[in-house]
Structures are given as structure tokens and as C-alpha cells.
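Comments concern the structure below.
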């Protein structure tokens, strides 16, 4: 399983829900969403900055994309960016192999 980081924002509708129930535990909702598709929520954190929350989960990209689609469709969340943890050295090794063989247009 891969590790994914979902950063997102609440909509006005989502913030209205918080005003109505300020003690709402959104980590439980995130856990329920992850478990519904067989993924595992590792952590859920509220943020100050350009994003309102960060959810870290283990699973597949298709599971993460499904969570994004369903939660944004609820109208309470938006702008969810799902990022996958990678081994940057492995990426660089592949890039080095390609750079040795790749010819740019016109060269």
C-alpha cells in the first residue's frame, strides 16, 4: 500500500456545519470514508494556511480518488489535492536513465 496525503478545504456549507456543531470530529468522518473503500486513515489534522485539513492515508490511488470524489460531491469539501509519497532517489535514477537516451526535438 502507498501513503497518500490529501490536502483540502471546507466550503461555506462545511463551515456552516462546524458553526452548528463546533465539536464535530472530522477525523471520524475521514476514517469512515477511508475504511469504506478498504484504505486506512493514518492521521487527520486541521490546518491554518491555504488548506484547512490534511488527511494521511494508506491505500491505492483509486481509493484516494474515490474518497476525493465522494467527499467533494457532498458539498462540504473542495480543492482536495491527493499527493502520493514517493522515493525521490528512485525517480532520479529513472530520470538519469532517460536523460542519457532522450533526444529533444530538433537535436
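Could you identify the single residue in 62, 39 that is exposed (fewer than 14 other Cβ atoms within 10 Å of the Cβ) and closer than 15 Å to residue 3 by Cα? Steps first, answer last, please.
Values: 39 fails: exposed (fewer than 14 other Cβ atoms within 10 Å of the Cβ).
Only one candidate qualifies: 62.
Only a single item in (1) modelled with pLDDT of 95 or more; (2) farther than 16 Å from residue 7 by Cα is not met by residue 51, and it is number (2). Applying the set (1) surrounded by fewer than 16 Cβ atoms within 10 Å (Cβ to Cβ); (2) touching a residue at least 40 places away in the same chain (Cβ under 8 Å); (3) in a loop (DSSP other than H, G, I, E, B) to residue 13 leaves exactly one unmet item: (3). Within the range 42-59, the set of residues being exposed (fewer than 14 other Cβ atoms within 10 Å of the Cβ), at negative phi and assigned to a loop (DSSP other than H, G, I, E, B) comprises 47, 48, 50. Scanning the range 33-57 for residues that are closer than 18 Å to residue 84 by Cα and over 13 Å from the mean Cα position of the chain (by Cα) returns 37, 38.
Of all the residues that make up the range 74-93, how many are out of contact with any helix residue (DSSP H, G or I) (no Cβ under 8 Å at 6 or more places or on another chain) and under 24 Å from residue 59 (Cβ atoms)? Counting residues in the range 74-93 that are out of contact with any helix residue (DSSP H, G or I) (no Cβ under 8 Å at 6 or more places or on another chain) and under 24 Å from residue 59 (Cβ atoms) gives 11.
For (1) surrounded by 11 or more Cβ atoms within 10 Å (Cβ to Cβ); (2) at pLDDT 95 or above; (3) over 12 Å from the mean Cα position of the chain (by Cα), each residue gets a yes or a no:
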| position | (1), (2), (3) |
| --- | --- |
| 3 | yes, yes, no |
| 21 | no, yes, yes |
| 31 | yes, yes, yes |
| 67 | yes, yes, no |
| 74 | yes, yes, yes |
| 90 | no, yes, yes |
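Of the residues in the range 62-75, at least one is in a loop (DSSP other than H, G, I, E, B) and closer than 23 Å to residue 17 by Cβ. Could you tell me whether the range 76-88 includes any residue that is surrounded by 14 or more Cβ atoms within 10 Å (Cβ to Cβ), out of contact with any strand residue (DSSP E or B) (no Cβ under 9 Å at 6 or more places or on another chain) and in a helix (DSSP H, G or I)? No, the range 76-88 contains no residue that is surrounded by 14 or more Cβ atoms within 10 Å (Cβ to Cβ), out of contact with any strand residue (DSSP E or B) (no Cβ under 9 Å at 6 or more places or on another chain) and in a helix (DSSP H, G or I).
The values are calculated or read from the model by the stated rules, or taken from the named source; none is laboratory data. The model shown is predicted, which means the values in this text are computed figures rather than measured ones. Because the Cβ atoms are built from the backbone with ideal geometry, glycine has one as well, and the counts that use them run over all protein chains shown.
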